[in-house]
Amino acid sequence: QNIHLVAKWLNSLEKKLEQHSEGSHEDFRVFISAEPAPSRDSHIIPHGILENSIKITNEAPNGMHANLHKALDNFNQDTLEMCTRENEFKSILFALCYFHALVAERRKFGPQGWNHSYPFNAGDLTISVNVLYNYLEASSKVPYDDLRYLFGEIMYGGHITDDWDRRLCKTYLEEFIKPEMLEGELLLAPGFPLPGNMDYNGYHQYIDDALPPESPYLYGLHPNAEIGFLTQTSEKLFHIVLEMQPRDTSMGEGGVVTREEMVKALLEEMLEKLMDEFNIAELMAKVEERTPYVVVAFQECERMNILTSEIKRSLKELDLGLKGELTMTSNMENLQNTLFLDMVPESWTKRAYPSTASLGTWFADLLTRIKELEAWTGDFSLPSAVWLSGFFNPQSFLTAIMQSTARKNEWPLDKMTLQCDVTKKNREDFASHPREGAYVHGLFMEGARWDAQTGVITDARLKELTPAMPVIFIKAIPADKQDIHSMYPCPVYKTRQRGPTYVWTFNLKTGENPSKWVLAGVALLLQI
């Protein structure tokens, strides 16, 4: 509906309520229901109405215990008795309730839970149960594959827009809805077996008696997932508190440094540390052959020049403003506030790469990136171990590995893939780059860790949220030669925000079922 019309109508409603507040029938009441507004601009209910009303909110349940009870509350004893295939129907219905509670509550773990937030609702569950009833009544065998497809790709999958989230949803259903569920051997979570045939109240009682206490294990996640999520939540909170601090110019008496002086000292230090821009024409003259790697180096230099020139321009402009030689504009004031709060200014992030770092860390990282580029463009020979995290566009470097191998061996590029062998060494142990492919470093694993001794993914250690990976040897091979046995296709992201920062998929060896790592939200990150 048109939000402006609603706002207008609400104003007239407020006046009507004022008129009827006196002299109306004593039982006269007005009930208004509202949904959460998508943004602050949409907060259109007049204050008068809000102040005079009794407000009741329907909060979503918190934790697996409350969510599972609420999922089961969508049904009753009649539902459980309506299907002729009682055993199968009840088992799958309970597994669906657990699945429903789990996908809703997994959101609290942030990007490690789901890459995006989805509006799963009770309708998805009740329609899935209707579909289940129809399919069981119509077929002599339980059509597990069909049911998983309908639930995972259509009912719940209809909300999902991200391929990795789709894989997660599908994996849960493969773990929960399979023939073993009728043999009494299925665990919905560690220590929580799928219950046998019970009545409606029995199932509610079973949840109270048998469900283990709330923990990431109930979702297939490692306890570190909770530590990471709580840390990020508290960091956000502190940031908001910091932004709310009064913005007066001095910080008390006794000649303490003023806000302007702090910002001035910071911008002078930054301008001093920033190197000259890359002279692309000069660099091009040095190059004999424009190999795929050289093209990547030039692209990176151009991107870096765009970023550093904007940093210098904005800092110099602010410097003149603080000296009183230029009139302070709103852009300059915003820049000053951002620098003071140790945040990266918007005009810089627009031209940069995704990052969650504060300004101090971000700027130090920028200088390291420039140094790496300078070293590489010194003679354009590939570094012995390439810092994959240091690229604006890591995909272009990984593609260059395939292009150079394709040219050398005259293989078609579209029939090639990358093979990732995790070495047992660190970057200092390599003196030269390999004949084909590249050694890359600077990656971290979230959700699990790499066991260098056995050469497989293994459970993370408690409180080690993002252990560093050893150097990875990446080379291009024909797609039909790749080994997919005992491999976990691991997504690589630029930051912990995941989602749109996706880079590539590295196949990593696993001794356990790859589904374990899917549920644990295991990914490689280029920065932490």
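The values are calculated or read from the model by the stated rules, or taken from the named source; none is laboratory data. Quick caveat, the model's predicted, so the values are computed rather than measured. In this analysis, Cβ positions are derived from the backbone assuming ideal geometry, glycine residues included, and neighbour counts consider all displayed protein chains. Please note that ligands, DNA and RNA were not included when accessible areas were found on the heavy atoms of the full protein model with its side chains. Shrake-Rupley method; radii C 1.70, N 1.55, O 1.52, S 1.80 Å.
Points to keep in mind about this one:
- Residue check, residue 133 closer than 16 Å to residue 172 by Cβ and either without any contact (Cβ under 8 Å) to a residue 60 or more places away in the chain or assigned by the TED database to the domain that holds residue 499 (or both): no
- Looking across region 487-502, the residues that are hydrophobic (A, V, I, L, M, F, W, C) and either modelled with pLDDT of 95 or more or touching a His at 6+ places or on another chain (Cβ under 9 Å) (or both) come down to 490, 492.
- Restricting region 195-243 to residues that are outside any loop (DSSP other than H, G, I, E, B), among the aliphatic types (A, V, I, L, M) and under 17 Å from the mean Cα position of the chain (by Cα) leaves a set whose member that is surrounded by the most Cβ atoms within 10 Å (Cβ to Cβ) is 225.
- Residue within region 372-386 that is open to solvent by 60 Å² or more (accessible area, probe 1.4 Å), under 13 Å from residue 476 (Cβ atoms), among the hydrophobic types (A, V, I, L, M, F, W, C) and in a helix (DSSP H, G or I) present: no
- Counting only helices (runs of 4 or more DSSP H) that fall entirely inside region 14-121 and contain at least 1 residues that are open to solvent by 20 Å² or more (accessible area, probe 1.4 Å) and at positive phi, no element qualifies.
- Among the criteria (1) at pLDDT below 95; (2) under 21 Å from residue 180 (Cβ atoms), the one residue 115 does not fulfil is (2).
- Enumeration of residues in region 500-520 that are closer than 23 Å to residue 452 by Cβ, assigned to a helix (DSSP H, G or I) and not hydrophobic (A, V, I, L, M, F, W, C): 514, 516
- Where a residue in region 433-454 is farther than 30 Å from residue 226 by Cα and in contact (Cβ under 8 Å) with a residue 24 or more places away in the chain and its partner, wherever it lies, is open to solvent by 10 Å² or more (accessible area, probe 1.4 Å) and hydroxyl-bearing (Ser, Thr, Tyr), with Cβ under 7 Å and at least six apart: 433/384; 433/439; 439/384
- Residue within region 342-360 that is on the phi > 0 side of the Ramachandran plot, out of contact with any His (no Cβ under 8 Å at 6 or more places or on another chain) and of a type outside the set (Phe, Trp, Tyr) present: yes
- Filtering 495, 510, 505 for residues that are among the polar types (S, T, N, Q) and open to solvent by 20 Å² or more (accessible area, probe 1.4 Å) leaves a single hit, 505.
- Filter pass, residue 369 being assigned by the TED database to the domain that holds residue 281, modelled with pLDDT of 90 or more and open to solvent by 60 Å² or more (accessible area, probe 1.4 Å): no
- For the criterion of being touching a Ser or Thr at 6+ places or on another chain (Cβ under 6 Å) and open to solvent by 50 Å² or more (accessible area, probe 1.4 Å), residue 356 passes.
- Note on region 454-482: residues that are within 13 Å of residue 418 (Cβ to Cβ) and touching a Lys or Arg at 6+ places or on another chain (Cβ under 9 Å) amount to 2.
- Residue check for residue 57: within 30 Å of residue 130 (Cα to Cα) and modelled with pLDDT under 85: yes
- Only one of the numbered conditions (1) within 30 Å of residue 215 (Cβ to Cβ); (2) of a type outside the set (D, E, K, R); (3) without any contact (Cβ under 8 Å) to a residue 60 or more places away in the chain; (4) in the same structural domain as residue 153 (by the TED database) is violated by residue 112, and that is (3).
- Only a single item in (1) free of Cβ contacts under 8 Å to residues at least 60 places away in the same chain; (2) buried (at least 18 other Cβ atoms within 10 Å of the Cβ); (3) part of a helix (DSSP H, G or I) is not met by residue 169, and it is number (1).
- Restricted to region 484-499, and to residues there that are of a type outside the set (Lys, Arg) and out of contact with any Lys or Arg (no Cβ under 9 Å at 6 or more places or on another chain), the residue that is nearest to residue 449 (Cα to Cα) is 490.
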